[in-house]
Amino acid sequence: MKHPLSILEVLALAVPLAAPVSLAEDAPIPQAAADVAGSAAQNAPNPPEREYLFTVDPSLPAAGHVVVTAGLGNVTRTGEERPVGAGQLVPTLGAEVGLWSRLALYVEGGAAFEQVGNPGGLASPVVFEGGAHILLTDPASRVWRVSLRPSYTYDFDGSSTLNLTATGAWNYKAVRVAASVMGSHTFQGDADALDVQATLGATYALPLGFRVGVEGVAADLEEIADAGAEGGTSAFAGPTLGWEWGRFQIVAGPAFGVTPGAIYDPLLFRAAAALRL
């Protein structure tokens, strides 16, 4: 005849069975794994920002990712007005693909809708720009970024241009500032040997994804001391308003000539959008 188990014997059998379950639930995440996860998040490349109308932020798309851009206005991203007889607006479309954390390739094209009766005509109905975007600073930097953009441009007047643009950006909390200097050589007999252009932009974050800012462009800086083929330096500036939602960004704003005898129209305007894929 078997005797029933005592209370002490039942507890002795139950404790070993329950202990592993309790230990598994309470076991902390290994510190090494937590450190690796935190380091990966900290060193991840920043998502590319495109909140300016004329300055390209130094941030790059990650390897295998693409930033698609589109623009519309009577002035292009490089600060050039639409050619005479080309209509009021020039649409542009571009894409930038990341190859590595510090290198991306990009192309951008625009079209002019020639007006009927334009006596001079256009040498080319399209404009094209293509080149590389090279990040010189740490891809994970949250404050400072510096990049170079060597590129080739084909303009509406049929000329070819080689460009080199250096851009620096500084971000701190809600404030973003970016400045660039571009040197260009146009393969045309009456052009200056070297054209120099500078841009400066600053934005401030508002609630609901909005940003307000100001941006300016100064062209033909090489003619400050002595007027050349372009007849002197010209500059324009104006306010901007942007909005960001997830991977989508849009920015727009007017601009006005700020130098005596500026060659620009009384009112310039451009809008640009970017989508990260």
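Values quoted throughout were computed directly from the atomic coordinates according to the rules given, and no laboratory measurement underlies them. Because the structure is a prediction, the values reported are computed rather than measured. Note that we place each Cβ from the backbone using ideal geometry, even for glycine, and neighbour counts take in every protein chain shown.
Using Cα pairs closer than 8 Å and at least 6 residues apart in sequence, work out the relative contact order for region 40-276, in percent.
Relative CO of region 40-276 lands at 17 percent.
Sum up the charges of everything whose Cβ sits under 13 Å from the Cβ of G130, counting Lys and Arg as +1 and Asp and Glu as -1, but leave G130 out.
-2
Cβ under 12 Å from G238's Cβ, G238 left aside: what net charge do those residues give with Lys, Arg +1 and Asp, Glu -1? All intermediate terms of the calculation are to be shown ahead of the outcome.
On the way: positive: R270; negative: E215.
Taking every Cβ under 12 Å from that of G238, the sum is 0.
Can you run phi through the Karplus equation (6.51, -1.76, 1.60; θ = phi - 60°) for region 47-58 and list ³J(HN,Hα) in whole Hz, with x for Gly and Pro?
Coupling constants for region 47-58: x, x, 10, 9, 9, 10, 8, 10, 9, 9, 4, x Hz.
How would you rank F210, F269, F187, going from fewest to most other Cβ atoms within 10 Å of each one's own Cβ?
Working: F210 13, F269 17, F187 9.
Fewest-to-most Cβ neighbours within 10 Å comes out as F187, F210, F269.
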